[in-house]
Amino acid sequence: MFKVDPISEIVSELAEGPLWDPDTSSIFWSDIPSRLVHCAKITDGQSNSMKMPLMIGAIALTKSDSLIAATSNGFAMISPSGELSIIDEFLEPDVRMNDGKVDPRGRFWAGSLALDFGHERGSLYVLEKNGLRKAAIEKLTLSNGMGWSPDGTQFFFIDSIPGTLTRFDYDVTTGSLSNKRIIVKFDAGSGIPDGMCVTDEGLILVALWDGKRLELYEPDGRKLQEFAV
């Protein structure tokens, strides 16, 4: 069903938030501690990197050529030339942003964690298209992968340290979450749940950090398959 192949020869210290751009057949990702944003073209293998003044946890496409980014102090824009402009600075000095994604209505969701992985010091934030920010989930430890069902009515979210994959009902009109239920509790010692995506068929693909594999789940949490990487 899936075939795992490397997309670039770039070696990252901590790669995060792969982002596909269908218009250019390119994939973006960040190397958080190195403060780099990488871009690789799938068609010809060409790649380039932009050095940032802040750690970048997640990036997303916009209607312009700029990227929106979740950084070590809040939200920012990155121009095509690599210039970073802060648009919302609100995080404490010992907290940074991690993974993030855009919902079906264009809201940018990104989560935070304490640099020392302090218990329940992270949150999941939503940046509305009008620039307003709110905390959608609080008391997280390591906010990580997220995604929406194909019809936009379900939201899936990973908190890595407790090792949970949680499902919420999602109101795409208001961007609100309800009816929280943990659908997968990952076994300690077998890898830490990290990034994830929801397939076109509504299945959930989870990457296990230090587990050397991907795991595929039904929306109700039933495990279907593993893929070694």
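If I model a spin label as a point 7 Å beyond the Cα along the Cα-Cβ vector, how far apart are those points for Lys51 and Asp116 in nm?
3.1 nm
Using a Förster radius of 22 Å, what is the FRET efficiency between Glu128 and Lys180 based on their Cβ-Cβ separation? Nearest 0.05, please.
Once rounded, the FRET efficiency stands at 0.55.
Within a Cβ distance under 9 Å of Gly195, other residues only, what is the Lys/Arg minus Asp/Glu net charge?
In short, -3.
Which net charge results for the neighbourhood of Arg167, defined as the other residues with beta-carbon distances under 13 angstrom from its beta-carbon, given Lys and Arg at +1 and Asp and Glu at -1?
Cβ neighbours under 13 Å give a net charge of 0.
Please list, in order along the stretch 214-229, the HN-Hα scalar couplings obtained from phi with the Karplus expression 6.51 cos²θ - 1.76 cosθ + 1.60 (θ = phi - 60°), rounded to whole Hz, x for Gly and Pro.
Ordered by residue, 3J(HN,Hα) equals 10, 10, 10, 10, 6, x, 8, x, 6, 7, 9, 6, 10, 10, 6, 10 Hz.
Going 7 Å from the Cα of Thr199 toward and past its Cβ, which residues in the stretch 12-38 have a backbone nitrogen under 19 Å from where you end up?
Within reach of a label on Thr199: 20.
Once you've got the GNM for the chain with C-alpha springs shorter than 10 Å, pick whichever of Gly122, Gly45, Gly57 has the biggest mean-square fluctuation.
Gly45
What does the charge count around Gly221 come to, taking other residues whose C-beta lies under 13 Å from its C-beta (Lys +1, Arg +1, Asp -1, Glu -1)?
Working: positive: Arg167, Arg181, Lys185, Arg222, Lys223; negative: Glu215, Glu218, Asp220.
Around Gly221, the charge tally is +2.
Give, in nm to one decimal, the length gained when the segment between Lys139 and Ile42 is fully stretched (0.36 nm per residue of separation minus the Cα-Cα distance).
Working: separation 97, 0.36 × 97 = 34.92 nm, distance 3.83 nm.
Full-extension gain reported as 31.1 nm.
Just check the stretch 91-229 against the gyration tensor rule for me: Cα atoms, a ≥ b ≥ c as the square roots of the eigenvalues, rounded for a/c under 1.5, and otherwise prolate or oblate depending on whether a/b exceeds b/c.
Note, shape of the stretch 91-229 comes out oblate.
Readers should treat all values here as calculations from the given coordinates under stated rules, not as data from a laboratory. This structure is a prediction, so every number in the text was calculated from the model and none was measured. Glycine gets a Cβ as well: all are built from the backbone with ideal geometry, and neighbour counts include every protein chain shown.
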